[in-house]
Ligand code: SF4
């Protein structure tokens with residue numbers, strides 16, 4: 001029987017955790033207020049973590065908490081208290097990059113330990129060593145190919161997690177100090193300012209001094225390689241992007257979940273399905289895509305020619321707050337739209353459905369010509385609509 005890898009999605013906030021879980025994530029990863037690498041993300045309060053774990057578990061999904069900053073002694077002082085909380089609320093694993101943190105985890109709780117990609121585990125001997133230290137799963141460095149991943153899993157007899165989608169890091173997964181020097185922010189304690197995406201000039205002794213984004217990488221996209229992930233026995237496929245919005249969390253999770261479901265019944269993904277998955281993955285804000293190092297070591301073709309991709313094709317108009325079948329859907333508006341606009345409902349499973357906001361009513365059934373973020377409005381009922389479905393609008 002073919003084994004299906006776990007689909008692991010980013011949860012930058014409680015809202016995004018729920019969206020990822022409902023759109024098919026088998027597990028999500030998130031961070032508390034300290035100890036992680038995304039200090040600009042919303043991050044979870046202790047109460048939110050508790051609620052997130054209860055929600056995920058009630059839907060059969062797991063929650064992993066990142067503790068993957070390179071921690072200094074002063075950071076470790078308050079870690080034991082946080083670990084006790086994580087154990088109490090039944091977090092499924094912690095993601096750690098530092099040996100001192102691993103020792104602190106082991107002496108304060110029994111929560112399983114996953115090794116962060118920050119530790120750049122790239123070979124069998126390294127995986128064996130981490131295993132001997134109590135690590136149950138290694139999140140492999142983004143520099144390994146799927147062939148390497150298979151070998152590491154088999155020879156080190158350890159679970160392997162491999163990135164399949166999202167932004168890349170030009171350095172060996174975060175082992176970089178550009179932001180420290182250029183922005184005064186410590187990359188390895190959560191302060192990466194994506195400085196590698198800025199334009200830089202190379203000062204040749206003679207000649208050219210033009211600026212370019214030669215350190216900015218394309219985004220990773222691996223849906224076409226999914227059958228190879230399965231064949232390699234990868235335990236978990238990971239989507240990057242805790243800082244990205246709900247549309248990203250919902251769409252990317254849904255597409256990889258759909259593709260995994262297809263692979264459970266077929267040997268491969270059909271050309272029609274692949275074309276559909278690719279077209280959906282293009283709808284979220286992204287840089288040009290590349291397959292990174294999944295098939296062979298990434299080279300010049302993985303360099304992106306710009307700093308960011310600013311053209312947003314879709315935005316989330318709102319989240320379904322309630323549904324009264326055959327009558328209306330109640331939408332919590334996230335971005336303003338007008339009566340008459342064409343919208344798309346994204347069901348948890350299956351293709352999006354277009355519909356027109358022919359009528360938009362407020363709570364006391366007054367017509368709204370234009371909605372505003374935060375308000376609840378009634379829209380025409382769409383068959384199949386469910387609470388917490390995303391409704392999006394095409395912008396270009
Ligand atoms: S600045 Fe770029 S290379 Fe450095 S850690 Fe951040 S993403 Fe990675």
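With respect to residue 180, determine if the residue is modelled with pLDDT under 85 and within 14 Å of the ligand (Cβ to nearest atom). If you could, list the steps in order and put the result at the bottom.
Working: modelled with pLDDT under 85: no; within 14 Å of the ligand (Cβ to nearest atom): yes.
When the stated conditions are applied, residue 180 does not pass them.
Taken over segment 142-164, the residue count meeting the criterion of being touching a helix residue (DSSP H, G or I) at 6+ places or on another chain (Cβ under 6 Å) and closer than 19 Å to residue 6 by Cα is 5. Of the strands (runs of 3 or more DSSP E) contained entirely in segment 319-396, those carrying at least 3 residues that are farther than 20 Å from residue 21 by Cβ and touching a strand residue (DSSP E or B) at 6+ places or on another chain (Cβ under 7 Å) fall at 328-333, 342-346, 353-356, 376-380.
Screening the candidates 62, 110, 128 for the property of being on the phi < 0 side of the Ramachandran plot and in contact with a strand residue (DSSP E or B) (Cβ under 8 Å, 6 or more places away or on another chain) yields one hit, 62.
Can you tell which of 160, 234 is more than 16 Å from the ligand (Cβ to nearest atom), in a loop (DSSP other than H, G, I, E, B), at pLDDT 85 or above and farther than 14 Å from residue 292 by Cα?
The unique qualifying residue is 234.
All of (1) under 23 Å from the mean Cα position of the chain (by Cα); (2) exposed (fewer than 15 other Cβ atoms within 10 Å of the Cβ) hold for residue 119 with one exception: (2).
When the residues of segment 163-176 are narrowed to those that are part of a loop (DSSP other than H, G, I, E, B) and within 16 Å of residue 115 (Cβ to Cβ), which ends up nearest to the ligand (Cβ to nearest atom)? Reasoning before the result, please.
Taking segment 163-176 first, the residues part of a loop (DSSP other than H, G, I, E, B) are 167-176.
Now narrow it down to the ones that are within 16 Å of residue 115 (Cβ to Cβ): 172-175.
Details: 172: 9, 173: 7, 174: 5, 175: 8 Å.
Taking the candidates together, the pick is 174.
Could you go through segment 334-348 and let me know if any residue there is without any contact (Cβ under 8 Å) to a residue 12 or more places away in the chain and either surrounded by fewer than 18 Cβ atoms within 10 Å (Cβ to Cβ) or in the same structural domain as residue 245 (by TED's automatic domain parsing) (or both). Step through it out loud before you land on a result.
Just the residues of segment 334-348 that are without any contact (Cβ under 8 Å) to a residue 12 or more places away in the chain, to begin with: none.
Checked segment 334-348: no residue is without any contact (Cβ under 8 Å) to a residue 12 or more places away in the chain and either surrounded by fewer than 18 Cβ atoms within 10 Å (Cβ to Cβ) or in the same structural domain as residue 245 (by TED's automatic domain parsing) (or both).
The values are calculated or read from the model by the stated rules, or taken from the named source; none is laboratory data. Treat the numbers as computed from the prediction; the structure is a model and nothing was measured. With ideal geometry, Cβ positions are generated from the backbone for all residues, glycine too; neighbour counts draw on all protein chains shown.
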